[in-house]
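> This is the structure I want to talk about, given as structure tokens.
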Amino acid sequence: MTTHDAADAFRQWKDRKRYWWPLALLIPLSPFVSWLLVEYLHWGLFWATGAWILLLLVPIVDFIAGPDGHNPPREAIAALQEDRYYRWCTYLFVPLQYSGLLFACWCWVHAPMATGEKIALSMTVGVVAGVGINAAHELGHKSETHERWLAKIVLVQSLYGHFYVEHNHGHHVKVATPHDPASARFGESFWMFLPRSVIGGCRSAWAIEAARLRRRGRRVLSLGNSILQTWAMSAALFVALIAGFGWQIVPWLFLQAFAGITFLEAANYLEHYGLLRARRSDGSFVKARPEDSWNSDHLVSNLFLYQLQRHSDHHANPRLRYQSLRSAPDAPQLPAGYAVMIVCAAIPPLWRAVMDRRVLDYYDGNIELMHTRTTLR
């Protein structure tokens with residue numbers, strides 16, 4: 001197909017969600033929304049508005065709206081990839097994220113808040129940080145230098161800079177194998193997965209980055225180390241905030257970072273739970289396919305998460321931008337959007353009641369296939 005034909009196909013196809021994508025920016029605005037609701041309704045519970053939006057409002061609207069099922073035709077994807085409107089929907093997340101963080105720091109110091117309300121605001125800011133890691137996930141996959149730097153900047157708030165290296169060069173290579181710390185094993189609870197993924201991901205990222213620098217003849221402990229860059233930026237940010245607002249913000253800064261990391265790792269947990277890539281006859285793993293990720297096509301949560309839930313297509317085509325991702329009906333399907341599934345993951349008996357039978361159904365009831373799945377290729 002010529003460039004002209006692709007442009008014609010793009011013009012003929014209409015993205016029904018085009019002007020709904022800015023809804024994702026409501027998340028970084030949630031600290032301001034929290035303050036307005038508390039100021040005028042006088043109910044401290046609204047300091048947790050960010051959490052209420054993601055864990056209560058989005059699932060309700062998801063249930064009402066139903067699944068999406070609306071995919072761009074393949075002929076329109078080339079032009080869709082180049083439409084810069086969609087890029088600005090992610091770029092704007094960055095200034096809004098840091099505006100919200102600064103405002104939260106001011107609230108922690110100057111607003112009349114009880115300790116529980118400060119914790120609630122930390123949860124709101126943590127949701128922003130967690131969804132921010134998802135925005136960094138979108139930006140970090142791209143080849144443009146400025147987008148990769150924006151990904152690093154977004155990760156600074158959550159102290160999770162190694163994700164930039166580990167996700168692209170570790171997780172995408174090892175996904176749905178026993179070697180990937182971010183792929184949850186069958187029967188593993190989220191609270192067992194969380195430290196394994198955080199520690200394993202950090203170790204893997206450092207090994208990958210050290211090997212990259214050595215191949216280029218550069219020192220590991222240098223300014224060229226992407227992990228050290230983001231860690232230094234995190235240290236500079238936290239020092240600047242503490243210098244500006246005082247030591248009283250320290251526990252809340254670290255609490256919001258922990259909440260953001262936990263939110264991100266909860267998404268990691270559910271994306272590949274119990275799945276194992278097929279092996280070749282020599283024992284090596286085949287290339288990742290859509291079937292190696294749990295898919296979810298719930299409309300509203302996909303709008304808020306830049307279609308992270310179309311995870312099956314993302315792993316099959318990691319260079320596609322979020323607006324171009326397609327649903328994968330042949331992949332294993334989650335029964336709800338990420339918000340609902342994250343709540344389930346936090347309660348291990350509930351998670352296993354919901355998900356274990358789905359994993360077993362996917363493997364036709366043969367639990368051995370989860371450990372010995374083979375194929376001749």
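Taken together, the values in this text are just the output of simple stated rules run on the coordinates, not laboratory data. Model, not experiment: these values are computed from the prediction. Backbone-built Cβ (ideal geometry, glycine too); neighbour counts: all protein chains shown.
> Would you list which aspartates and glutamates come within 20 Å of LYS152, measuring only between C-alpha atoms, while excluding same-chain residues fewer than 8 positions from it?
Partners found: GLU138, GLU144, GLU166, GLU209, GLU265.
> Order 45-55, 199-209 from most to least packed using the mean count of other Cβ atoms within 10 Å. Each step should come with its number before you reach the end.
Working: 45-55: 22.5, 199-209: 18.2.
Top of the packing list down: 45-55, 199-209.
> Here's something else I'd like to know. Hey, how much of the P(r) for the range 74-220 falls beyond 21 Å, as a percent of Cα pairs?
Value for the range 74-220 (Cα pairs over 21 Å): 57 percent.
> Can you figure out the FRET efficiency of ASP282 with GLU82, using R₀ = 41 Å and their beta-carbon distance, to the nearest 0.05? Let's see the in-between values first.
Numbers: r = 40 Å, r/R0 = 0.99.
Plugging the Cβ-Cβ distance into 1/(1 + (r/R0)^6) gives 0.50.
> Between HIS110 and TYR19, what's the calculated FRET efficiency when r is the beta-carbon distance and R0 is 51 Å? Round to 0.05.
Values: r = 37 Å, r/R0 = 0.72.
Once rounded, the FRET efficiency stands at 0.90.
> If you split all Cα-Cα distances of the range 73-120 into 10 Å bins from zero, what percentages do you get per bin, shortest first?
All Cα pairs considered, the percentages come to 21, 27, 20, 16, 13, 3.
> Okay, moving on. So which helices of the chain fit the span-like rule, where a helix is a whole DSSP H run, its Cα atoms reach 27 Å or more along the axis, and its mean Kyte-Doolittle is at least -0.5?
115-140, 190-215, 226-245, 250-271
> Here is a follow-up. If you average the sequence gap of Cα pairs under 8 Å that are 6 or more apart and divide by the length of the chain, what percent do you get for the contact order? It would help to have the intermediate numbers written out before the result.
Values: 580 pairs, mean separation 80.1, N = 377.
Averaging sequence separation for qualifying contacts and normalising by length gives 21 percent for the chain.
> Right, here's the next one. Order the peptides 313-324, 297-308 from the highest to the lowest mean number of other Cβ atoms within 10 Å of their residues.
Answer by packing, highest mean first, reads 297-308, 313-324.
> Sequence-distant or interchain residues sharing an amide H contact under 5 Å with ASN295, placed H: which?
The answer is GLN333, LEU334.
> Continuing with the same structure: For the range 305-346, list log₁₀ I(q)/I(0) at each q in 0.27 Å⁻¹, using the Debye formula over Cα point scatterers of equal strength and ignoring solvent, two decimals each.
-0.97
> Please give the net charge around TRP351, taking every other residue with its beta carbon less than 15 angstrom from that of TRP351, where Lys and Arg add +1 and Asp and Glu add -1.
Values: positive: ARG185, ARG352, ARG357, ARG358; negative: GLU188, GLU265, GLU271, ASP356.
Here the charged neighbours net out to 0.
> Using the structure shown, list the pairs from LYS14/LYS287; LYS142/LYS174; LYS14/LYS174; LYS17/LYS118 with a Cα-Cα distance above 29 Å, or answer none. Display every interim value, and only then the final one.
Numbers: LYS14/LYS287 33 Å; LYS142/LYS174 19 Å; LYS14/LYS174 36 Å; LYS17/LYS118 35 Å.
Listed pairs above 29 Å: LYS14/LYS287; LYS14/LYS174; LYS17/LYS118.
> How large is the convex hull of the C-alpha atoms of the range 230-270 per residue, in Å³?
Values: hull volume 2.3 nm³, N = 41.
Hull volume normalised by residue count: 57 Å³.
> Okay, next question. With +1 on each Lys and Arg Cβ and -1 on each Asp and Glu Cβ, how big is the dipole of the chain about its Cα centre, in debye rounded to the nearest 20?
1180 debye
> Next question, about the same structure. Let me check the size of the range 171-294 from its C-alpha atoms; what are the radius of gyration and Dmax in Å?
Computed over the Cα atoms of the range 171-294, radius of gyration and Dmax are 18.1, 61 Å.
> Here's another thing I want to ask about it. Given Cβ point charges of +1 (Lys, Arg) and -1 (Asp, Glu) and nothing else, what value in debye, to the nearest 20, does the dipole of the range 82-215 about its Cα centre take?
With Lys and Arg at +1 and Asp and Glu at -1, about 420 debye.
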